[in-house]
Amino acid sequence: MNDSPENREQTALVGIKGMHCASCSARIEKVITTLDGVISAKVNLATETMELRWDPATIELGQIADKIKGLGFEMIVSSRDHEVRFNIEGMSCASCSARIEKVVSGMDGVESVAVNLPANLGLVRFDPDKVGLRQIREKIAGLGFKATPASDSGDSFAEGQQLALARLRTMKRELFPTLILGALLLVVAMGEMVGLELPAFMAPDQAPLVFALIQLFLVLPIIWFGRRFYLVGFPSLFRGSPNMDSLIAIGTGAAFLYSSWNLAEIVLGINVHARVHDLYFESAGVIIALVSLGKYLEARSRVRTSDAIRQLMQLAPDKAILIRNEEQEEILVEEIVPGDILLVRPGDRLPVDGVVVKGTSNIDESMLTGESMPVSKEEGDKVVGATLNTNGVLRIKAEKVGGDTVLARIIKMVREAQGSKAPIANLADRISLYFVPIVMTIALVSGLAWYLAGGADFSFALRIFVAVMVIACPCAMGLATPTSIMVGTGRGAQLGVLIKSGAALETTQKIEAVVFDKTGTLTYGKPVLTEIVMFSEMDREECLAMVASTESVSEHPLARAIVDAAREKGYALKEPDRFEALVGRGIIAAIDHRELLLGNHELMAEKGVTGLANPEVAKGAAEMAGQGKTALYLAIDGTLTALVVIADKIKPEAAATVTALRKMGIRPIMLTGDNEVTARAIAAQAGISEVIAQVMPEHKADKIIELQNQGLKVAMVGDGINDAPALARADIGIAMGTGIDVAIESGDIVLMKGDLHGLLTALKLSRATMRNIRQNLFWAFIYNIIGIPIAAGLLYAFGGPTLNPMIAGGAMAMSSVSVVSNALRLRFFAPA
């Protein structure tokens, strides 16, 4: 028996409580990975979880938990919770999805079930100690549906799309003869009522038997083409879970059987002239034809709801060029492994995520960020798979492949969002579960009431019964929310806004306050040299070259800003003769036999620098602080020479974004660890009047709670790194995608481009999607609320007309189509 470590190792996803910032998660990872027996430990600060791989023969899970406890955190084992996605075949309406949710959620060990009707997907969270995957699948099969575990891979999605397109082709192939036969049946049965004379050999008064038999022969193939309604509807009825197919099957079946009985009486010569005018073959046939047309249009529209994912998947190339021993070899993308060196030619899409090892080029990242301007890339820069290499030849080293690439994770996130539910759907889901039995009861009671109490003949009562059965539409209610979510989240992905769930989409449109982290959100997060204010005769360029040369050995962000500014001007930098960093104060250095001091006012005063008392110096430093800039004092050979001014530039779109938020009725707030003066200066540039300053990263979440305690719905916008707890605590966490890997794991919404315009896109898309959902729900409910009473004869009771069953069937078919078509309008959403 092979007892290798690979065979012994175990994997678990555990929860970690008590983390406040990135240093917490980094500390846990560092300590746990050094333990004997621990193979890997990856901590996710945003989700407060850790992916753990360990050898149980060497170390027990309890020992790892004790070690984490010793670090001041708590480990919660959550590996027993499994989440499985199912492809579910056979659902026809909201009653089907509601029934599956109700029955499966009642199983012991099942924690939650969410079924998405338009996507034909089910998401089940369960405890494998109590219930197995096979039991869940068999329970769904017992309800008359086929459930197969779905993969998160693109292949699984592509296969599902191919199956959907194949079903669509079959529906189309059967639809045309159904419509032609239905039209002929309608002309034969009702032509004389609108002035069309039938030939004598088939006229109802001259040849009643031929008239009836022609209708029978026309309706039989229609029923055959629409056999699915009966093959699904009646079994569902007999299992006690009737659905829309059951309504169609019972309604048209009753009309067909009644007409067949009258045909038998015509054959036997019993009251022929009365019976020949009491046939309803056309009702059965035309209803099936119209409902089949509606189902086809609905299915075609539903396939288009996944256009966004399909377009994203089509961006990924199938093949790549591998460089091996300086020779080129074409391979499949699936064969790429981390570490491979790949050649990317101009016009090619990058096959995987990686880093540039040779060459320069401009990369079109619009598929990722929505930004049309290409981004310059050179050696050492990160690149993302499926982005387009526009003009240069690159060699990249593969880092992330397969399901780990940014594109694959985006597709997975969008699919999960499209399969999720919004709270607004709860009412429709509850009603859908009981809708069909209630409609069947109303139809039966209406028919019997007209026949027994209303003095109507059986033919009239039957028309009422059939009309009520076929006009009711649970589909429209079931499709109202998920179709809008699918299209809305897909459109968001195309615009560079990733929305992780339907609940996040719904909550976003309720946001009343947006809290901005300053660094990296309102500003670029990268200090730059803005100016040098001279107080001596020294040349400004000479001054910059000297200071940059001195700082060239430092890794401090302010030093980097000075060095970058000098290199942009093409200055050749020297190495200082002596360099000493004074933490929190500045530097002391020597270069070209000159003594140099660079730092704060306290350092200058301590070293007795002359010229420090110059009122112009104090005035200049105060002005810079008031503008949110950092002024470093520069002294050369003991004399104050200049103020070196550095600032983290505010993003140009910040002020416009804040103005737009106010117009939307949303309160902008800035949250930062900076001092009050600097914070207010930056906030003023952005047009923000409410500032919460000098807040450490671990306390930002507390400030979010304080705002929520004021009754506000709060969104937090940050980079997802040191503000992850605040993002998680806010009603909606919005992560800026400048650090793509981190951002995808953080927040409820990810702005893939580091641009604040994406925030407005997210807010406006949320509002547009929720408005679309409310429109859908309104029409779905109002259609049934008005249509069912009219079909039951309410207007006729007050002297009005009755509703022809054929018109009822057509109206039912079009109600679903109208809901899906309305949702598809979101594909053209564009932020103003």
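The values are calculated or read from the model by the stated rules, or taken from the named source; none is laboratory data. Quick caveat: nothing in here was measured; it's all calculated off a predicted structure. In this analysis, Cβ positions are derived from the backbone assuming ideal geometry, glycine residues included, and neighbour counts consider all displayed protein chains. Protein only, heavy atoms only, side chains kept; ligands, DNA and RNA dropped before computing areas. Shrake-Rupley method; radii C 1.70, N 1.55, O 1.52, S 1.80 Å.
Tabulated data for the structure shown
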quantity: The stretch 612-632: number of residues that are free of Cβ contacts under 8 Å to residues at least 40 places away in the same chain and of a type outside the set (A, V, I, L, M, F, W, C); calculated: 3
quantity: Members of the stretch 100-121 that are more than 18 Å from A480 (Cα to Cα) and in a strand (DSSP E or B); calculated: V110, E111, S112, V113
quantity: Members of the stretch 100-121 found to be open to solvent by 60 Å² or more (accessible area, probe 1.4 Å) and touching a residue at least 12 places away in the same chain (Cβ under 8 Å), listed by number; calculated: K102, D108, E111
quantity: Positions within the stretch 603-629 being touching a strand residue (DSSP E or B) at 6+ places or on another chain (Cβ under 8 Å), surrounded by 14 or more Cβ atoms within 10 Å (Cβ to Cβ) and not in a loop (DSSP other than H, G, I, E, B), in sequence order; calculated: L603, M604, V617, G620, A621, M624, A625
quantity: Neighbours by Cβ (under 9 Å, 6+ apart or cross-chain): first from the stretch 137-153, over 17 Å from S95 (Cα atoms) and at pLDDT below 85; second aliphatic (A, V, I, L, M) and not in a helix (DSSP H, G or I); calculated: T148/I88; P149/V84; A150/V84; A150/L121
quantity: E542 vs. criteria within 50 Å of the chain's Cα centre (by Cα) and open to solvent by 60 Å² or more (accessible area, probe 1.4 Å); calculated: no
quantity: Which numbered condition I321 misses (of (1) open to solvent by 10 Å² or more (accessible area, probe 1.4 Å); (2) under 23 Å from R169 (Cα atoms); (3) among the β-branched types (V, I, T)); calculated: (2)
quantity: Those residues of the stretch 551-586 which are within 49 Å of the chain's Cα centre (by Cα), in a strand (DSSP E or B) and over 25 Å from G520 (Cα atoms), in sequence order; calculated: A581, L582
quantity: Filter result for S97 (of a type in the set (S, T, N, Q), open to solvent by less than 20 Å² (accessible area, probe 1.4 Å) and assigned to a loop (DSSP other than H, G, I, E, B)); calculated: no
quantity: Which listed residue, of Q694, Q710, is in a loop (DSSP other than H, G, I, E, B), at pLDDT 90 or above and open to solvent by 20 Å² or more (accessible area, probe 1.4 Å); calculated: Q710
quantity: Filtered residue count, the stretch 589-603, keeping only those that are modelled with pLDDT of 90 or more and closer than 21 Å to T678 by Cβ; calculated: 1
quantity: Considering residues of the stretch 166-185 that are open to solvent by 70 Å² or more (accessible area, probe 1.4 Å) and touching a helix residue (DSSP H, G or I) at 6+ places or on another chain (Cβ under 8 Å) only, the residue modelled with the highest pLDDT; calculated: L184
quantity: Qualifying residue in the stretch 306-318 (condition: free of Cβ contacts under 8 Å to residues at least 24 places away in the same chain, assigned to a strand (DSSP E or B) and either over 30 Å from the mean Cα position of the chain (by Cα) or within 17 Å of T387 (Cα to Cα) (or both)); calculated: no
quantity: Test: L452 is hydrophobic (A, V, I, L, M, F, W, C), surrounded by fewer than 22 Cβ atoms within 10 Å (Cβ to Cβ) and within 23 Å of L824 (Cα to Cα); calculated: no
quantity: S301, sole failed condition from (1) out of contact with any Gly (no Cβ under 9 Å at 6 or more places or on another chain); (2) assigned to a helix (DSSP H, G or I); (3) modelled with pLDDT of 80 or more; calculated: (3)
quantity: Test: E745 is within 25 Å of the chain's Cα centre (by Cα), surrounded by fewer than 21 Cβ atoms within 10 Å (Cβ to Cβ) and at pLDDT below 90; calculated: yes
quantity: Residues of the stretch 54-84 satisfying the condition of being at pLDDT 80 or above, charged (D, E, K, R) and either touching a Lys or Arg at 6+ places or on another chain (Cβ under 7 Å) or surrounded by 14 or more Cβ atoms within 10 Å (Cβ to Cβ) (or both); calculated: D55, K67
quantity: Meets criteria (touching a residue at least 60 places away in the same chain (Cβ under 8 Å), out of contact with any Ser or Thr (no Cβ under 7 Å at 6 or more places or on another chain), open to solvent by 10 Å² or more (accessible area, probe 1.4 Å) and of a type in the set (S, T, Y)) for Y280; calculated: no
quantity: Odd one out for H699, checked against (1) open to solvent by 30 Å² or more (accessible area, probe 1.4 Å); (2) under 26 Å from L529 (Cα atoms); calculated: (2)
quantity: Answer residue from the stretch 122-133, given it is surrounded by fewer than 21 Cβ atoms within 10 Å (Cβ to Cβ) and closer than 29 Å to T483 by Cα and is farthest from the chain's Cα centre (by Cα) among those; calculated: L133
quantity: Of all residues making up the stretch 630-651, the number that are open to solvent by 40 Å² or more (accessible area, probe 1.4 Å) and over 52 Å from the mean Cα position of the chain (by Cα); calculated: 2
quantity: Residue ranges of strands (runs of 3 or more DSSP E) in the stretch 334-374 with at least 2 members at pLDDT 90 or above; calculated: 341-344, 353-358
quantity: The stretch 248-274: number of residues that are touching a residue at least 40 places away in the same chain (Cβ under 8 Å), of a type outside the set (A, V, I, L, M) and surrounded by 19 or more Cβ atoms within 10 Å (Cβ to Cβ); calculated: 5
quantity: E138 vs. criteria open to solvent by 10 Å² or more (accessible area, probe 1.4 Å) and touching a strand residue (DSSP E or B) at 6+ places or on another chain (Cβ under 7 Å); calculated: no
quantity: Conditions (1) open to solvent by less than 20 Å² (accessible area, probe 1.4 Å); (2) assigned to a strand (DSSP E or B): number failed by E531; calculated: (1)
quantity: Tally of residues being surrounded by fewer than 24 Cβ atoms within 10 Å (Cβ to Cβ) and assigned to a helix (DSSP H, G or I) across the stretch 234-245; calculated: 4
quantity: Residues that are open to solvent by 30 Å² or more (accessible area, probe 1.4 Å), more than 41 Å from the chain's Cα centre (by Cα) and within 30 Å of G144 (Cβ to Cβ), drawn from the stretch 217-231; calculated: L220, P221
quantity: Some residue of the stretch 769-789 being farther than 24 Å from A428 by Cβ and surrounded by 16 or more Cβ atoms within 10 Å (Cβ to Cβ); calculated: no
